[in-house]
Structure formats: structure tokens, C-alpha cells
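Shown next, in C-alpha cells, is the structure this report addresses.
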Amino acid sequence: MSATRRPPLRVAVLVSGSGSNLQAIIDASRSGTLDARVVGVISDRPGVLALDRARQAGIPGITVDYRACGDREAFGARLQGELQRLDPQLVVLAGFMRILPAAVVDSHRDRMLNVHPSLLPLYPGLDTYRRALEAGDAWHGTTVHFVIPELDAGPAILQYRVRIRPGETEDSLRQRVQRGEHRIYPQAIQWLAEGRVVCRDGVVWRDGQRASGPEIIDETG
Ligand code: NHR
Ligand code: GAR
């Protein structure tokens, strides 16, 4: 008897910049380690590298120019329209730099992910590398979490940790943390695609168990 295969998870990716996480997701889908299909890439800024990556991969790239929209609510309404057309099962924020109106988040509740470059709940918001270095932290890292209207406060699925080294700079730290993102983001999406992870009432369930915190992966070497 042949195994039942579900169709690949339809994923929309929101970007603002270089799109290295988008690329990791595309590559994992292509190589078969991720049962997903990126059905569209939406940028709040025209002309970013992430849109070139989408085009290279034959994926529709859509710009909803934040500056041309005038305000956050008008931007949210246009974004919402584009998402409706793509009809994704999951919305993935990958280096997306605009705070989303609650209405957009709510209409994709429990079906929207972000990767944030800190060990949340430490350092929500911007400038996380500088803040971790200035605080003299021993560890930094990145978190994949479900998006809720409150910024960087949604329940976490997976974290990647790196030990801060003597002489560490923002650039060296970013490089190592981003390598980790490229591993854990496709991994977390695959868990959703397999139905191994779900979010219900603001709580993450992993393999049928209520998760007490994110799964943590440490950098090796
Ligand atoms: N929207 C909601 N409602 N909830 C979250 O958790 C969100 C979100 C939108 C984006 C990503 C987040 C990050 O990973 C994210 C999470 C942008 C800012 C920000 O201050 C902060 C956090 C994140 C993304 N943006 C400024 C703004 O006014 C603009 C900054 C800029 O353009 O450089 O939108 O860190
Ligand atoms: C990623 O490292 C992501 O964690 C961070 O921006 C980078 C985007 O890289 N996100 C934020 O800071 C959100 N505020 P990418 O465009 O190459 O994927």
C-alpha cells in the first residue's frame, strides 16, 4: 500500500531585504527536506534582493510599497488583499521590517511565523546584536515564533543559540546567527507541514504535547 502523501504546504513569504531566509526555504522545498511550496513573495519595499530571488525561482514577487500606501492601515489593507489572492496555508515573515496591523495578524492567527534574531523573550524589536553585546551576554541567537499582534511576543517553537566569543562584533555574531536561522526556519515550517506543531489558544503543541518552551539547538564547533 502506498503511503498517504499530503500536498505541499502553501506558504507566502513576507520580506523587506536580502531574503537569505527566503532562499533557505526555497532550497529546502526544492531538495525535498521541506514539504512546502512558496506560492508568493511580498515585499514592502521595491527593488530588494529577495524579489530577485523569487523571480529566479519562478515564484510570483509582489511589491506592496509601504511608503506609497501613506499609512500603516492602508498598507495593511493592501497586503491583506494580496494575501487573500495567494490563499496560503502559512504566512512566513523572513526579514520583514514592518509592524503589522492587528487585523492582518488576526486573519492569519496561528498560521503566521516570524524569525527574530534574539533569544526571545530577550530583546524584542530592533538592534538585537548590539544590545546583546552591550549587555555582556554569554549567549545570543534566534527564535522562530508564531506571530501575535504584540511585537515579538508570540509563542516560540524553536531557538538556535550561539555562545558569544571574546572579541565578537555585531557582524561576526550576525553571520553565525543567520547560519542558524537558515537551518531552523525550514525545520520549523516542516514541523507545521507535518502537523507535528500547532498553535492553539496562544500555546504551542509539539507531537501532541503542550510545549513548555521552544526546542533549543546549539551551534556546534
Ligand atoms: N507585526 C506584528 N503585529 N507582530 C509581530 O510579532 C511582528 C510584526 C511585524 C514584523 C518582525 C519583527 C522582528 O523580527 C515582525 C514581527 C519590524 C520592527 C519595527 O520596529 C520590529 C520588529 C520586527 C519587525 N519596524 C519599524 C516599523 O515602524 C520600521 C523599521 C524599519 O523600517 O527599519 O514598522 O524583529
Ligand atoms: C534575519 O536575520 C532576521 O532574523 C532579521 O532580519 C534578517 C533578514 O535576513 N529580522 C529582523 O530583524 C526583523 N526585524 P534575510 O532578509 O536575508 O532573510
Checklist (1) away from ligand 1 (no atom under 12 Å from the Cβ); (2) surrounded by fewer than 15 Cβ atoms within 10 Å (Cβ to Cβ); (3) more than 18 Å from the chain's Cα centre (by Cα); (4) more than 19 Å from Leu9 (Cα to Cα) applied to Ile164, failing item: (2)
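Considering only strands (runs of 3 or more DSSP E) fully contained in region 1-113, which possess at least 3 residues that are touching a residue at least 24 places away in the same chain (Cβ under 8 Å)? Outline the logic, then answer.
Working: elements: 9-15, 36-43, 61-63, 90-93.
By residue number, 9-15, 36-43, 90-93.
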Could you figure out which of (1) within 12 Å of ligand 2 (Cβ to nearest atom); (2) in contact (Cβ under 8 Å) with a residue 12 or more places away in the chain; (3) not hydrophobic (A, V, I, L, M, F, W, C) isn't true of Gln175? (2)
Complete set of residues in region 21-49 that are surrounded by fewer than 18 Cβ atoms within 10 Å (Cβ to Cβ), of a type in the set (S, T, N, Q) and touching a helix residue (DSSP H, G or I) at 6+ places or on another chain (Cβ under 7 Å): Thr33
Across region 40-99, which residue is farthest from Leu192 (Cα to Cα) among those that are under 18 Å from the mean Cα position of the chain (by Cα) and basic (Lys, Arg)? Arg45
Six or more apart or on different chains, Cβ atoms under 8 Å: show the pairs whose first residue is in region 127-138 and within 13 Å of Glu170 (Cα to Cα) and whose second is away from ligand 2 (no atom under 16 Å from the Cβ) and of a type outside the set (Val, Ile, Thr). Leu133/Glu168
Give me the pairs, please: first residue somewhere in region 152-172 and assigned to a loop (DSSP other than H, G, I, E, B), second residue anywhere and among the aromatic types (Phe, Trp, Tyr), beta-carbon distance under 9 Å, and either six or more positions apart or on two chains. Asp152/Tyr123; Gly154/Phe146; Pro155/Phe146; Ile164/Trp139; Thr169/Tyr129
For region 173-205, give me the residue count where each residue is in a helix (DSSP H, G or I) and surrounded by 13 or more Cβ atoms within 10 Å (Cβ to Cβ). 20
Qualifying positions in region 124-147 - near ligand 1 (Cβ under 9 Å from one of its atoms) and farther than 17 Å from Pro186 by Cβ: Pro124, Gly125, Leu126, Thr128, Val147
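Which count do you get for residues in region 120-145 that are within 15 Å of ligand 2 (Cβ to nearest atom) and either surrounded by 23 or more Cβ atoms within 10 Å (Cβ to Cβ) or acidic (Asp, Glu) (or both)? Walk me through it before giving the result.
Here is the first cut: in region 120-145, the residues within 15 Å of ligand 2 (Cβ to nearest atom) are 120, 122-132, 140-145.
Then drop every residue that is not either surrounded by 23 or more Cβ atoms within 10 Å (Cβ to Cβ) or acidic (Asp, Glu) (or both), which leaves 127-128, 132, 140-145.
Count: 9.
With respect to Ala36, is the statement that it is touching a Phe, Trp or Tyr at 6+ places or on another chain (Cβ under 9 Å) and more than 20 Å from Arg98 (Cα to Cα) true?
Values: touching a Phe, Trp or Tyr at 6+ places or on another chain (Cβ under 9 Å): no; more than 20 Å from Arg98 (Cα to Cα): yes.
Criteria not met by Ala36.
Laboratory data are not the source of any read-out in this text; all were calculated from the coordinates shown. The structure displayed is predicted, hence computed values, not measured ones. With ideal geometry, Cβ positions are generated from the backbone for all residues, glycine too; neighbour counts draw on all protein chains shown.
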